[in-house]
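Bear in mind these aren't lab numbers, they're just calculated from the coordinates by the rules spelled out. Remember, it's a predicted structure, so these values are computed and weren't measured experimentally. Here the Cβ is made from the backbone with ideal geometry for all residues, glycine too, and neighbour counts use every protein chain on show.
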Amino acid sequence: MAGVILVILGLTGLGSAVKYMPRPVVVGFTNGIAVLIASTQVRDFFGLQIENVPGAFVDRVAVIASRFATVSLPSTLLALSSLVVIVVCMKYFKRVPGSIVVLLLGTAAAGILQLPVETIGTRFRAASRAACPRSPCRSFTPK
């Protein structure tokens, strides 16, 4: 919802109204969004084994805390090394987008080292099989 509000403010030109809002309100709003987004990434960063992550923040934190014993060392090390590469690129190689470098290096490392980490393919292939249990799903192909 916060993202939708930001998009609407930007599209309508009301984003400039922020200068009339007290700084603590703007900082609090922005930090709140950051905390919500970060809390949705904890599961993947640490490779936690959680089937369904609740949408409500307090419930999400409780589930993450209760399942923190399922931390995956390969996932955590890959995530930490990715973060280090992004920071190094931002500091020393400003012309090179760290996220692109991490995408290439992380994919190569996971494939070459056969790391037992969840990938887009493993996550969504399982979801597509659950959606079409009887036969392979047919994708739309234009004629």
Worksheet item: To the nearest 10 degrees, how steep is helix 120-131 against the longest Cα principal axis of the chain, on a 0 to 90 scale?
Response: 80 degrees
Worksheet item: Got a sec to turn the phi values of the stretch 44-54 into Karplus ³J(HN,Hα) couplings, 6.51 cos²θ - 1.76 cosθ + 1.60 with θ = phi - 60°, whole Hz, x for Gly and Pro?
Response: 6, 4, 9, x, 5, 8, 10, 5, 10, 8, x
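Could you please rank Ser39, Ser82, Ser66, placing first whichever residue has the fewest other Cβ atoms within 10 Å of its Cβ? All intermediate terms of the calculation are to be shown ahead of the outcome.
Values: Ser39 14, Ser82 19, Ser66 11.
The fewest-first ordering by Cβ neighbours comes to Ser66, Ser39, Ser82.
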Worksheet entry | Hz values of 3J(HN,Hα) by residue in the stretch 36-42 - Karplus curve (6.51, -1.76, 1.60), Gly and Pro given as x | 4, 5, 4, 5, 7, 9, 4
Item to complete: Only Lys, Arg, Asp and Glu count, each charged at its Cβ (+1, +1, -1, -1), so figure out the dipole size of the chain about its Cα centre, rounded to 20 debye.
Response: 420 debye
Worksheet entry | Computed lengthening from Met1 to Phe93, 0.36 nm per intervening residue step minus Cα-Cα distance | 29.6 nm
Item to complete: Could you list Asp59, Asp44 in order of exposure, starting from the residue whose Cβ has the fewest other Cβ atoms within 10 Å?
Response: Asp59, Asp44
